[in-house]
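A short reminder: the numbers here are calculations on the coordinates, not readings from a lab. It should be emphasised that the depicted structure is a prediction, and the values quoted were computed from it without experimental measurement. Methodologically, a virtual Cβ is constructed for each residue, glycine included, from the backbone with ideal geometry; neighbour enumeration extends over all protein chains shown.
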Amino acid sequence: MKKIKKALRKTKRKVVNYISTNRLFLCYVIFSIISTILIRHFTIKNTFDFVPLLIDTGVILVIGALGYLIKPKNQFKYYFTWLIIYTIICVVNSIYYNFYLSYASISLLSTAGQLGDVSDALFEQLRAIDFIYVIFPIIFFIVHKILKKNNYYDFVTKVEKSKKMCVSTILAGVIVSACALVTVTGTDYGRLAKQWNPELVVEKFGILVYQGNDLCQSLTPKINSLFGYDEAARKFREFYQNNYSEPVKNKYTNIFKGKNVVFIHMESMQSILLDMEFHGEKVVPNVMKLAEEGMYFSNFYPQVSVGTSSDTEFSLASSLFPALSGTVAVNYYDRDYVTVQKLFKELGYYTFSMHANKAAMWKRSDFHKSLGYDKFYSITDFTDYPLPKTDEEKEMDPEWVGLGLSDHEFFKQLIPKLELIEQENENYLGTLITLSNHTPFDSVDKYDEFDLSYTGYRVNPETGVQELVTDPYLNERKLGNYIKSAHYADRCLGEFIDYINNSEYFNDTIFVFYGDHDARLNSKEFNYYYNYDLTTGTLREEGDDGYINFDTFAQELNRKTPLIIWTKNEKLRKKINTEVTDVMGMVDVLPTIGNMFGVENPYALGHDIFTIKEDNVVVFPNGNFLTNKVYYDYSTSSYQTLYQGATITNEYIDYYLNYAEERLEISNSIIVYDLIKKEKEENRGLENEKTVQS
């Protein structure tokens with residue numbers, strides 16, 4: 001018993017001695033760990049999951065251990081610097097997650113300049129809790145001042161064994177991390193290597209490993225582009241040798257051959273809007289009319305990453321997926337891609353794009369030239385209307401809606417440009433990019449009057465008497481602002497369609513309308529829309545009658561947007577008037593449209609939907625995939641069937657997982673290594689050799 005007491009006293013002395021001589025280090029560790037716990041608590045909610053907690057702790061210990069190699073009087077600067085870094089990581093990711101439901105990436109720094117006025121939407125959603133992490137460096141600074149005043153650093157200088165403390169702390173950090181890492185599966189390590197799904201990496205490995213891994217991933221493309229070409233080229237050739245087949249003809253083959261084509265990029269237009277009406281008035285009546293008259297793809301999904309609109313422009317043009325790190329528009333625009341614009345130029349088409357925003361946004365002046373447009377009309381080309389310069393002028397100007405010129409003024413000014421293009425060119429391909437329905441949807445006073453309130457009788461819970469009440473419902477919510485914005489954009493689009501229908505031009509022009517991506521609203525907004533009980537003024541909860549479970553799967557399936565092929569040519573319109581319900585992605589647009597116009601991209605990763613039909617699969621850049629049977633979530637390795645009775649086997653899931661991973665890898669290799677250009681150069685070299693030999 002005496003030996004036990006003696007051992008306990010000895011241990012207590014060692015602990016007290018360690019604490020007294022390592023107070024600065026311990027404060028650094030404690031504050032850092034709390035920060036990493038809080039960021040997970042306020043985002044993915046796995047607050048006390050021991051695996052990411054231990055891994056974050058191990059990283060913090062290893063980084064902190066190196067501070068022992070610095071003289072005690074200078075250690076504060078080292079630890080304070082790292083606390084600032086952790087704080088920045090947590091604040092940025094907290095803000096970003098609240099807006100995008102994902103974690104920020106180092107590669108996003110290269111696109112930060114593209115935020116422009118979109119930053120208003122981010123700032124609008126700032127919460128005080130996003131900055132809670134700032135208190136830890138402040139407290140740490142106060143602790144430092146107190147320790148300095150009490151001559152702590154002079155005392156530690158005399159007793160600290162720096163090298164021994166460094167080694168033992170690193171060892172402790174490695175052991176702590178190892179205890180957690182042995183529980184992580186091989187599949188999770190594979191997902192860490194790919195980093196397609198940030199939420200999964202943070203959930204399994206913690207915020208610090210995610211951010212460090214992201215830094216490596218951001219640098220990898222630049223390193224690999226120098227050293228990894230041979231392996232990427234081998235896989236590239238094998239993939240297309242094994243997967244390429246001659247296009248299969250169907251009833252729509254060459255139906256539009258020789259016609260003009262104009263793509264209408266409908267900003268943030270979601271399919272859910274087509275089913276909405278308030279007080280008997282439809283939210284997007286003109287889009288609905290187009291869907292009824294034309295070919296409507298009702299299960300169409302954009303496949304965007306951090307580049308949002310620019311990702312859509314790239315995927316539609318090339319039938320490739322967005323870059324897995326950074327964006328094509330900013331980081332990889334100078335590659336040689338096979339695009340719909342270039343394919344039509346080979347047929348003698350004039351190609352152009354129009355957008356009433358700055359040419360520098362997403363580097364479109366360079367990006368669009370690389371895609372194959374002959375001319376890009378930006379905000380400086382729309383000069384019929386005096387453009388406001390200051391924020392005050394923009395606020396007062398009725399034709400400055402959201403980020404730029406209103407859709408009304410945009411369509412009004414592009415009409416004479418379109419007419420001139422038709423007069424001067426036998427054939428043309430164009431893209432018109434709308435803008436008014438862009439987040440943050442805050443130009444409410446400039447939108448059309450559209451009442452989203454509810455007026456009706458409710459029982460007063462206090463008196464039990466029915467009373468006539470007016471409830472603002474969606475009028476004062478973000479979703480409500482989006483609905484009003486979309487209604488305004490739809491009205492402007494309707495004005496343009498009226499002009500097309502009444503014009504003597506465009507009889508041989510095919511219009512392709514598509515929503516570029518969803519509105520990026522969080523699930524709380526849609527949960528409120530579906531579960532707010534207007535008859536009681538309360539929000540239904542799980543278990544209540546009429547409750548709709550708007551979970552993660554519902555949110556993902558809700559991201560679909562309209563895709564409509566339409567023409568004023570009534571004879572052609574009758575031939576194409578149908579609804580296509582098979583799932584389809586943005587990479588499928590080029591093969592599908594190409595078949596109709598008689599062009600083919602041999603490097604397309606999408607399919608002609610009329611050839612593949614119900615066997616199509618939509619692959620998303622984060623590794624998720626969608627078929628007509630199932631939506632698979634890569635981050636959770638879970639799925640949801642899309643109709644009752646659907647039978648899903650492990651073999652089915654594994655097949656499409658491999659399918660998705662292979663295509664994402666091939667697409668990214670094409671982008672990073674400029675494989676199409678190099679393949680063409682090698683083929684030309686081989687042809688020249690054969691010519692010389694003959």
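Some points to look at:
- Relative contact order, whole percent, for region 412-568 stands at 23, derived from Cα pairs under 8 Å and 6 or more residues apart.
- Modelled spin labels at residue 183 and residue 614, positioned 7 Å past Cα toward Cβ, are 4.4 nm from each other.
- Length added when fully stretched, residue 129-residue 148, from 0.36 nm per residue minus Cα-Cα: 3.7 nm
- Structure note, pairs 560/680; 249/678; 375/412: Cα-Cα distances above 24 angstrom occur for 560/680; 249/678.
- A Förster distance of 45 Å, applied to the separation of the beta-carbon atoms of residue 66 and residue 4, puts the FRET efficiency at 0.75.
- The sum of -39500 (n - 2.57) across all DSSP H runs of n ≥ 4, divided by the residue count of the chain, sets its helix-only mean residue ellipticity at 222 nm to -16000 deg cm²/dmol.
- Per the Debye formula on identical point scatterers at the alpha carbon atoms of region 482-567, with no solvent, log10 I(q)/I(0) at q = 0.11, 0.23, 0.25 Å⁻¹ is -0.51, -1.16, -1.25.
- Each principal axis of the Cα atoms in region 235-689 has its own extent, and those three values, largest first, are 94, 60, 45 angstrom.
- Between residue 535 and residue 476, the modelled label-to-label distance comes to 2.5 nm, taking each label 7 Å out from Cα in the direction of the beta carbon.
- Ranked by how many other beta carbons lie within 10 Å on average, peptides 283-292, 64-73 from highest: 283-292, 64-73
- Proximal lysines to residue 478, defined as alpha-carbon separation beneath 17 angstrom and excluding residues fewer than eight positions away on the same chain: 446, 524
- Computed on the chain, with alpha-carbon pairs under 8 angstrom and 6+ residues apart, the relative contact order is 18 percent.
- For region 386-422, the residues whose amide N sits under 19 Å from a probe point set 7 Å from the Cα of residue 375 along the beta carbon direction are 410-422.
- Sorting 540-551, 177-188, 668-679 by their mean Cβ neighbour count within 10 Å, with the most densely packed peptide first, gives 668-679, 177-188, 540-551.
- Projecting the Cα atoms of 192, 176, 156 onto the dipole axis of region 124-206, where Lys and Arg carry +1 and Asp and Glu carry -1 at the beta carbon, places 156 farthest toward the positive end.
- Using equal-weight Cα scatterers in the Debye expression, the normalised intensity of region 131-216 in log10 at q = 0.13, 0.17, 0.24, 0.26 Å⁻¹ is -0.72, -0.93, -1.10, -1.16.
- For region 447-500, trypsin sites (Lys or Arg not before Pro) meeting the loop criterion (DSSP other than H, G, I, E, B) and having at most 13 other Cβ atoms within 10 Å: none.
- Dipole of the chain, positive end: most advanced residue of 340, 81, 603 [Cβ charges, Cα centre]: 81
- Inter-centroid distance (Cα atoms) of region 648-670 relative to region 555-585, Å: 26
- Acute angle (nearest 10 degrees) that the helix 308-318 long axis makes with the longest principal axis of the chain, alpha-carbon atoms: 50
- Equivalent ellipsoid dimensions for region 391-490 as semi-axes, Å, which come from the Cα gyration tensor, largest first: 42, 15, 10
- Normalised Debye scattering of region 331-449 at q = 0.12, 0.16 Å⁻¹ gives log10 I(q)/I(0) of -0.50, -0.82, counting only Cα atoms as equal scatterers and leaving out solvent.
- Taking Cβ atoms as reference points and 13 Å as the exclusive limit, the residues near residue 92 contribute a net charge of -2, counting Lys and Arg as +1 and Asp and Glu as -1.
- Inter-label distance, residue 577 to residue 549: 4.1 nm, where each label sits 7 Å from its Cα along the C-beta direction.
- Full extension of the segment from residue 653 to residue 81, taken as 0.36 nm per residue of separation minus the current Cα-Cα distance, would add 201.4 nm.
- Only beta bridges with both residues in region 235-689 are counted; by DSSP, about 50 percent of them are antiparallel.
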